[in-house]
Every structure is written in C-alpha cells, then in structure tokens.
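Okay, so here's the structure we're looking at.
The values are calculated or read from the model by the stated rules, or taken from the named source; none is laboratory data. Computed from a predicted structure; not experimentally measured. With ideal geometry, Cβ positions are generated from the backbone for all residues, glycine too; neighbour counts draw on all protein chains shown. Just the protein is used for accessible areas: all its heavy atoms, side chains included, with ligands, DNA and RNA removed. Shrake-Rupley method; radii C 1.70, N 1.55, O 1.52, S 1.80 Å.
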Amino acid sequence: MTVIFLSFIDRTFIGTLFHSWNVIPDVSRYVMRKTGNSKRRQGSLTRESIVDAAIKLLDEVGEGRLTFQVLSKRLSTGPGAIYWHVENKDDLIAAACDTVVAAAMSSSIVGETPQETIKRIALRVFDMIDVHPWVGSVLSRSAGQMPMVRLLEPIGQQVQALGVQQEKLWVTASALISYVFGVAGQNAANARLAKENDLDRTDYLDKVSTAWSQLDPLEYPFSTGVAQQFRIHDDREDFLGGIDLILGGVSQQR
C-alpha cells in the first residue's frame, strides 16, 4: 500500500509539474509583451514632450494648479515616468519658461536704430508674457539663470550700441529689464484678474474713470486730472511710452 500510495503522489506531482511547465511559456510571453509595451511607452516620452505638455497646462490652469498627477493624466502615463526625465516641479517649470523665452527670441529682432530694436524686443517680451502669464513670475525667480540671460543679452547689446559708458551699462540695462518685466507682468496679471472675475475691460475702465473724476480735485489733483486719459488709455502704447522715457534719459546721460 505504501508503494502504491507513493507512486500515486509521484504521478500527481509529475503531472502538475508538466502542467506548470506547459503554462510557463505563455506566462513568459505575457510578461515579455507587457514589458515591451512599457518600454515603448517610456521610449515615446521625452523631456521635450513633457515640457510642451507642461506649457499648455500652465497656460490653462496656472502654475499653482500644475501637478505631476495632472500632467501624467494629460500624457497618459504615470508620475514615475515623468520623474525619469525631470527632477521636480521647479525643474519642469524652469525648463518650460526657458522653452517659451527661447522660442520668443529665436528669430532676429532688428530695428533701424538701437532704440527701435530695444522697443521691438520689449514688445516681443510684452506679448510673450501676455500669452503665457506665468512666465513673468518664473522669470522674477530666475535671476542669473538662462531664461533671464536670453532676454538680458539682446537688450544689453543694444544698450552698448547706444554708447552708454561701461560703468553705467548694468544699471541702464537693469532699469530697462525691470521696467519691461514689471509692466508686462502687471498687464498679464490684470488680464488674468479680468478673466477670473468675468470683467469687461472697457466697462471696468469706465467705472474707475468715473469714480476718479468724482474725487475732490483739491485732495486728488492728479487722479482727477488723468481720469479721462485712464478711460481711453491703450496698454501697449503706454508700455512703449515708458520705454521712450527711459531711452530719453539714457540719451541725455550720453
């Protein structure tokens, strides 16, 4: 009986082993197939494609709402795959900002004079930040880094072309850069605020102008005096007017 029982166990074990052996190739092919798909998906994901998707999300939802979870859904992948290409959110946003700035400054900007070239550069930055409002705040945190250098260099070269003395090059270029970023960033912030609150620009300016004109002119002589100008002002024209004032001061110093 013992011998018969052991033979039964052996036959059962051997049968199970053969059954398992027959299944293994199917399992192996399944694992290989899944791994191959994973590699293909990871191979199609690049740093450039991640940055491009991040730019679109930043334009749509802003910097505060951009997360790797949201980005991974947009890319139909997992957050871990994104971390393979970018270190963290700061790295991603810096790369997105640099990509936008590089694209805006990729084509040559040439005017008849250094002053005209500076105004064209400034307008390009103004329009860039108007389209990508988040870029302004990122640039403000990027002092000395490549996105800022891409903008500082062409303006600095035109300041040199104006004949500004060497010891005043930095303060002159810095004043221009600060003005351009400050006004362009404020304009983008105003547009974002109007969008979030469903405000019409013309109606808003009209209400503010009316309120200013009703102030006491003895206590608020400036506000009441420019109330009508504020009602009809053009943001781009005002922006260029400020550039002209700065360049006028530069010319007088020379």
For the range 75-90, which residues satisfy the criterion of being part of a helix (DSSP H, G or I), surrounded by 13 or more Cβ atoms within 10 Å (Cβ to Cβ) and under 17 Å from the mean Cα position of the chain (by Cα)? 89
Against the definition (assigned to a helix (DSSP H, G or I), open to solvent by less than 50 Å² (accessible area, probe 1.4 Å), within 22 Å of residue 239 (Cα to Cα) and touching a helix residue (DSSP H, G or I) at 6+ places or on another chain (Cβ under 7 Å)), how does residue 121 come out, yes or no? yes
Output the residues belonging to the range 213-254 that are within 36 Å of the chain's Cα centre (by Cα) and aromatic (Phe, Trp, Tyr). 230, 239
Inter-residue pairs, beta-carbon under 8 Å, first without any contact (Cβ under 8 Å) to a residue 24 or more places away in the chain and in the range 111-124, second surrounded by 15 or more Cβ atoms within 10 Å (Cβ to Cβ) and of a type in the set (A, V, I, L, M), 6+ apart: 111/118; 120/109; 124/104; 124/105; 124/109
